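Here's the structure we're looking at; comments come further down.
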Amino acid sequence: MVDQMQELQDQITKLLESALNQIQAAESTQILQQIRVDYTGKKGQLTQVSKAMKNLSNEEKPQLGQMINYFHREFNQVMASKEEALKAKELQAQLASERIDITLPGRRNFQGSRHIITQTREELENLFLGMGYQIVEGPEVELDSYNFEKMNLPKNHPARDMQDTFYISSEVLMRTHTSPVQARTMEKHDFEKDGPLKMVSPGKVFRRDNDDATHSHQFHQMEGLVVAEKITLADLKGTLTQFAKAFFGQEREIRLRPSFFSFTEPSVEVDVSCFKCGGKGCNICKDTGWIEVLGAGMVHPNVLAMSGIDPEKYSGFAFGVGIDRVAMLKYSIDDIRHFYQNDLRFLSQFKGGQNRC
Ligand code: PHE
């Protein structure tokens with residue numbers, strides 16, 4: 001029996017020695033946890049040794065008990081101090097790895113903006129909304145009858161050549177101008193119910209053009225149409241003067257030059273006094289003091305009649321503004337193709353639309 005006790009004591013001493021060595025060598029609290037399980041867990045080495053208790057005599061039992069307690073005291077003490085040291089080390093490592101350098105610059109969100117053509121269109125819309133116009137949209141794929149015939153351009157009329165386009169079929173085409181919306185709107189208009197007709201219609205138009213700095217096979221227009229009793233050329237001139245001043249600056253004047261459109265009679269080209277030189281002459285106005293901005297005229301009686309409006313009772317004016325063109329003038333853009341190339345270096349110059357030239 002003495003031998004067995006001695007043997008147990010030796011075993012526990014060795015166990016303690018190897019446990020303490022392992023604890024000292026441990027490099028993480030996770031390893032410590034494992035050591036605790038290995039020695040004092042349910043199937044741990046010390047637990048195994050303790051099982052000898054039941055074979056001992058009553059005198060011997062307390063002796064083994066003391067040895068086991070001794071093991072636990074030593075083991076727990078060394079374990080606790082090692083654990084504390086490792087925890088501190090691990091916290092340091094964690095803090096170091098999660099460190100945030102508050103001096104680094106933040107990440108900027110990319111903020112887009114509306115296209116300059118859209119901004120210009122909206123500026124024009126707002127201007128005419130303010131004068132009591134309604135905004136109407138029309139189809140980009142249009143019938144020959146609306147695009148040409150109801151605009152007083154019968155089949156084989158030579159003036160059709162000015163606006164050659166892309167045909168879908170002999171009767172269906174990509175509209176060459178926003179003027180067909182005039183006919184579409186007049187047909188539906190009821191003067192008794194709706195009062196005078198005042199509308200603008202912005203949108204895309206298409207022409208079979210070779211693209212260059214001032215031409216594109218696709219561009220934007222805004223049509224304007226006013227029809228009521230006793231509308232005269234003076235109304236047209238007054239309206240377009242308002243537009244020129246609001247859009248290009250309060251000092252602007254306009255002048256009308258005779259022109260030809262099949263759907264207006266008389267027809268005019270409208271020039272705005274040069275906003276760069278004020279009329280003295282410069283490279284923008286090609287030394288004339290005036291810049292051509294749009295076509296306009298009094299609605300041709302045939303056009304009124306074809307849209308079901310009595311030309312004896314009603315008269316009207318119409319105008320067509322090139323949105324790309326006025327945007328180019330206003331913002332000194334030298335090539336219409338910039339609008340369609342989606343180059344952010346170009347587009348981002350117009351954030352907020354404040355870049356007046
Ligand atoms: N539709 C014409 C064009 O595209 C412009 C215009 C519109 C002229 C209205 C007069 C009246 O050239």
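In table form, for the structure just shown:
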read-out: Rounded to whole Å, sorted largest first: equivalent-ellipsoid semi-axes of segment 1-96, Cα gyration tensor; value: 32, 11, 10
read-out: DSSP-assigned coil residues among chymotrypsin sites (Phe, Trp or Tyr not before Pro) in segment 50-134, each with at most 10 further Cβ atoms within 10 Å; value: 110
read-out: Rel. contact order, % - alpha carbon contacts under 8 angstrom, at least six apart, the chain; value: 14 percent
read-out: Relative packing of peptides 274-283, 321-330, 209-218 - highest average C-beta neighbours within 10 Å first; value: 321-330, 274-283, 209-218
read-out: Listed residue pairs exceeding 23 Å between alpha carbons, taken from 245/313; 280/351; 43/87; 14/54; value: 245/313; 280/351; 43/87
read-out: Protection-proxy order for peptides 138-151, 176-189, each taking the mean of Cβ atoms within 10 Å per residue, highest first; value: 176-189, 138-151
read-out: Spin-label pair residue 34/residue 188, simplified geometry with 7 Å Cα→Cβ offset, distance in nm; value: 7.9 nm
read-out: Shape category assigned to the chain from the gyration tensor of Cα positions, a/c cut at 1.5; value: prolate
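Every read-out reported here was derived from the displayed coordinates using simple, explicitly stated rules and does not represent laboratory data. Being a predicted model, the structure only gives us computed values, none of them experimental. As a convention, Cβ positions derive from the backbone with ideal geometry for all residues, glycine included, and neighbour counts pool all protein chains shown.
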